[in-house]
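Written out below as structure tokens is the structure these notes cover.
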Amino acid sequence: MQYEDLTDSTLSTFDSYDQHEIVRKISLSSGLTAFIAVHNTNLGPALGGLRMRPYGTERDALQDVLRLSRGMTYKNALAGLPLGGGKAVIIGHASTQKDDDMMAEIGEAVESLDGKYITAEDSGTCEDDMVSIARATEYVVGLPPQHLEGKGFGELGGNPSPLTALGVYRGIQAAVRFKLGRDHLSGLTASVQGVGAVGLETCKLLKQDGVNLIITDINNAQMDMARDVLGQVTVVSPDDIYSAPTDIFVPSAMGGVLNDKTIPQLKAQIIAGAANNQLLQNYHDQMLSDRHILYVPDYLINAGGVICVGYEYFRKSGYNPLDFDMTRTSMMAHVERIGQSVTELLRYAQEKRLHPGEAADRLAEEKFSGRESLISSPPEAPPGLGHMSGGKLVH
Ligand code: NAD
């Protein structure tokens, strides 16, 4: 394994480059290439997942890692975690080109950064890959509980998806209170796009509260499973989910779903779901406001998963500058506070006459740049950079 650090002169041609602290290109023994990007460590070491995907070109992979690592800085800041933003990508097919030794090599690359970057699973990587990475470095989270139990902290770790769903549910409750003035969800309708790991858990929580569900998924087996688990639900085709008569639209599948084509179809008054990068472009935030649809920024409401792996890291490393109580109960309470954060963000956006996505970016920037005291007169966003909750900037 060999690596080189890319310099400003190479990186300045990328529109997602934002003075990242470190961008390392890794040439793996297998011949594959990987990149690790550390965007900002003002709040602490950079935490973000490792993605494996057959990018068309190295440039595409680099663009992605720059964008995603920057997104993690915003997400971790707004989640109140003492963590910065980073990300790693491998150019390759996860189904055919991945093996344990390659993952251990990635572990060596992570280790070479001396703790400035902590990795975790993302699309194309899984818990087992994290175990392989752990052969070479301690700076890895998202390990299976059985791996952690032997080290005395099995109550943290494990699948973060139910925690992501819990945060989304608390965020939906807060948005309903803010927009509809209701303290309970009973009798409302939610349309859920994608009933995978997070979507199905979110449905279960909503159903318990008496919410009527409209669901869709492109995977029939997943739909059948969801119907079995949830009982009475309305099923629509993937194309019909946007125009379904609903109060809350809950994107839980993929990014870019709020765009020129879909926004005019929406009947929902609130959009609040786990999917990353829901706004296709920044201006879609404005388009939703124009239609009086309340958009809850994705990277705020879907932070349950990163809070979960963040606690795993704090517990395992002893790094705990904010004196968090390192128990599963406290970690869950942190996730539940996403509801309160959503309320605060929506009030702030209203007071400052900002769209919610813009407001989220400003609050995050104030946190990670140490300018929280400027909340009463927020600075302008830096020129040339899109806002994080739109334009595919956040994983
Ligand atoms: P998943 O793969 O388990 O579930 C996604 C589901 O969406 C699948 O069942 C898939 O068939 C379905 N789907 C895909 N395209 C669709 C379409 N066009 N219409 C309807 N359904 C479609 O993924 P997940 O872990 O549940 O994550 C869902 C979203 O939430 C992703 O955007 C992910 O990045 C984001 N997210 C997840 C977590 C987490 O903890 N898992 C954390 C933060 C953000």
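Does GLY152 satisfy being outside any helix (DSSP H, G or I), at pLDDT below 95, of a type outside the set (Val, Ile, Thr) and away from the ligand (no atom under 16 Å from the Cβ)?
Considered against the rule, which asks whether it is outside any helix (DSSP H, G or I), at pLDDT below 95, of a type outside the set (Val, Ile, Thr) and away from the ligand (no atom under 16 Å from the Cβ), GLY152 comes out as yes.
Any residue at all in the range 292-301 that's β-branched (Val, Ile, Thr), surrounded by 15 or more Cβ atoms within 10 Å (Cβ to Cβ), touching a residue at least 60 places away in the same chain (Cβ under 8 Å) and assigned by TED's automatic domain parsing to the domain that holds LEU258? Please lay out each step first, then the result.
In the first step, residues of the range 292-301 are kept if they are β-branched (Val, Ile, Thr); the result is 293, 296, 301.
Okay, now just the ones that are also surrounded by 15 or more Cβ atoms within 10 Å (Cβ to Cβ), so 293, 296, 301.
Still in the list and also touching a residue at least 60 places away in the same chain (Cβ under 8 Å): 296, 301.
Now restrict to residues that are assigned by TED's automatic domain parsing to the domain that holds LEU258: 296, 301.
Looking for residues that are β-branched (Val, Ile, Thr), surrounded by 15 or more Cβ atoms within 10 Å (Cβ to Cβ), touching a residue at least 60 places away in the same chain (Cβ under 8 Å) and assigned by TED's automatic domain parsing to the domain that holds LEU258, one finds at least one in the range 292-301, hence yes.
Can you tell me which residues in the range 28-54 are free of Cβ contacts under 8 Å to residues at least 60 places away in the same chain and in contact with an Asp or Glu (Cβ under 7 Å, 6 or more places away or on another chain)? Explain how you work it out, then say what you get.
Within the range 28-54, the subset free of Cβ contacts under 8 Å to residues at least 60 places away in the same chain is 31, 33, 35, 37, 39, 54.
Selection gives THR33, HIS39.
Tell me which residues, restricted to the range 53-69, are within 14 Å of LEU11 (Cβ to Cβ) and at pLDDT 95 or above.
GLU58, ARG59, ALA61, LEU62, VAL65, LEU66, SER69 - these are the residues of the range 53-69 that are within 14 Å of LEU11 (Cβ to Cβ) and at pLDDT 95 or above.
Looking only at residues in the range 119-146 that are within 16 Å of the ligand (Cβ to nearest atom) and assigned to a strand (DSSP E or B), which one is nearest to ALA46 (Cα to Cα)? Full working, then the answer.
Residues of the range 119-146 within 16 Å of the ligand (Cβ to nearest atom): 119-127, 129-130, 141-145.
If we keep only those that are assigned to a strand (DSSP E or B) too, we end up with 119, 121.
Details: THR119: 9, GLU121: 14 Å.
It comes out as THR119.
Could you check the range 108-133 and list, in sequence order, the residues that are small (Gly, Ala, Ser), in contact with a helix residue (DSSP H, G or I) (Cβ under 9 Å, 6 or more places away or on another chain) and crowded, with 20+ Cβ neighbours inside 10 Å?
Within the range 108-133, ALA120, SER132 meet the criteria.
Those residues that are β-branched (Val, Ile, Thr) and within 15 Å of the ligand (Cβ to nearest atom), I need them from the range 257-296; list them, please.
Step one: list which residues in the range 257-296 are β-branched (Val, Ile, Thr), which gives 257, 262-263, 270-271, 293, 296.
Matches in the range 257-296: VAL257, THR262, ILE271, VAL296.
Being of a type in the set (Ser, Thr, Tyr) and either in a helix (DSSP H, G or I) or surrounded by 23 or more Cβ atoms within 10 Å (Cβ to Cβ) (or both) is the filter here; which residues of the range 316-368 pass it?
Selection gives SER317, THR329, SER330, SER341, THR343, TYR348.
Kindly list the number of the only condition in (1) over 26 Å from ASN282 (Cα atoms); (2) in contact with a Cys (Cβ under 7 Å, 6 or more places away or on another chain); (3) surrounded by 20 or more Cβ atoms within 10 Å (Cβ to Cβ) that fails for VAL192.
The single condition VAL192 does not satisfy is (1).
I need a count of the residues in the range 173-203 that are away from the ligand (no atom under 13 Å from the Cβ) and either under 25 Å from ASP224 (Cα atoms) or not in a helix (DSSP H, G or I) (or both).
10
Right, GLY84: within 25 Å of PHE14 (Cα to Cα) and not aliphatic (A, V, I, L, M) or not? Walk me through how you get there before you give the answer.
Values: within 25 Å of PHE14 (Cα to Cα): yes; not aliphatic (A, V, I, L, M): yes.
When the stated conditions are applied, GLY84 passes them.
May I ask you to verify whether TYR299 is more than 9 Å from the ligand (Cβ to nearest atom), out of contact with any Leu (no Cβ under 6 Å at 6 or more places or on another chain), assigned to a helix (DSSP H, G or I) and of a type in the set (Ser, Thr, Tyr)?
When the stated conditions are applied, TYR299 does not pass them.
Give the residues of the range 316-335 that are of a type in the set (A, V, I, L, M, F, W, C) and free of Cβ contacts under 8 Å to residues at least 60 places away in the same chain, sorted by residue number.
Within the range 316-335, PHE324, ALA333 meet the criteria.
Every residue, every condition in (1) outside any helix (DSSP H, G or I); (2) modelled with pLDDT under 95; (3) within 14 Å of the ligand (Cβ to nearest atom), yes or no:
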| position | (1), (2), (3) |
| --- | --- |
| GLY210 | yes, no, no |
| ILE214 | yes, no, yes |
| ILE218 | yes, no, yes |
| ASP224 | no, no, yes |
| VAL229 | no, no, yes |
| TYR242 | yes, no, yes |
| THR246 | yes, no, no |
| PHE249 | yes, no, yes |
| GLY255 | yes, yes, yes |
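The values are calculated or read from the model by the stated rules, or taken from the named source; none is laboratory data. These numbers were taken from a predicted model, which means no experiment stands behind them. For neighbour counting, all protein chains shown are included, and Cβ atoms are generated from backbone atoms with ideal geometry for every residue, glycine included.
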